[in-house]
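In what follows, a structure is listed as structure tokens, so that the remarks can point back to it.
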Amino acid sequence: MALNILIVDDSPMMRTFIRKVVDLTGIDVGSYCEAADGEEALKSLRSHWMDLVLTDINMPRMNGEQLIRCLEKDELLKTIPVIVVSTDSSHNRVQQMLALGAKGYVSKPFLPEVLRDEVEKVLKVNNE
């Protein structure tokens, strides 16, 4: 099944990089959408069905933490798994994001295999 993936990061270069890494992993992607912050992500999610969200934490207007909190309040959107992709790799931050509702966490910089494994793990758990 091809996945529709939303990539949320304030850096256009990082969004492109994540997209290329996902392509390298061999994950079957139907389509990509991109957003520069949580507000754009919510607009996109309300108009396009996504199977997975890959989001940074530190962004202007609405950060990744605020995005996850908004998704968790929405009965439909909270079913979409979120993987945080961030340079903030402290144990406390990872645990905080998972407690808020993120299903996975990948620390930047990362190898393509790390992202692939996290996506596969999250999708397997989400489909059980």
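The values are calculated or read from the model by the stated rules, or taken from the named source; none is laboratory data. Because the structure is a prediction, the values reported are computed rather than measured. Note that each Cβ is placed from the backbone with ideal geometry, even for glycine, and that neighbours are counted across all protein chains shown. Accessible surface is based on the protein model in full, side chains and every heavy atom, while ligands, DNA and RNA are left aside. Shrake-Rupley method; radii C 1.70, N 1.55, O 1.52, S 1.80 Å.
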request  = Helix by helix through the chain, keep the DSSP H runs that span 15 Å or more along the axis on Cα and average at least 0.0 on Kyte-Doolittle, and give those back in order.
outcome  = 12-25
ask   = Under the classification rounded if a/c is under 1.5, otherwise prolate if a/b is larger than b/c and oblate if not, where does segment 1-65 fall, given a ≥ b ≥ c as square roots of the Cα gyration tensor eigenvalues?
value = oblate
key: Relative packing of peptides 37-43, 69-75 - highest average C-beta neighbours within 10 Å first   = 37-43, 69-75
key: Largest to smallest accessible area among Thr55, Thr25, Thr87 [probe 1.4 Å]   = Thr87, Thr25, Thr55
Candidate lysines - alpha carbon under 17 Å from Lys43, same-chain residues fewer than 8 apart omitted = Lys73, Lys78
message = Just to be sure I understand the model, the point goes 7 Å from the Cα along the line to the Cβ. What's the resulting Met14 to Met1 distance in nm?
response = 2.9
Check: the chain dipole with +1 on Lys, Arg Cβ and -1 on Asp, Glu Cβ, in debye = 80
message = What does the C-alpha gyration tensor say about the overall shape of the chain? Classify as rounded when a/c is under 1.5, otherwise prolate if a/b is larger than b/c, or oblate.
response = rounded
request  = Multiply the residue separation of Ser44 and Arg93 by 0.36 nm, subtract the distance between their alpha-carbon atoms, and state the gained length in nm to one decimal.
outcome  = 15.0 nm
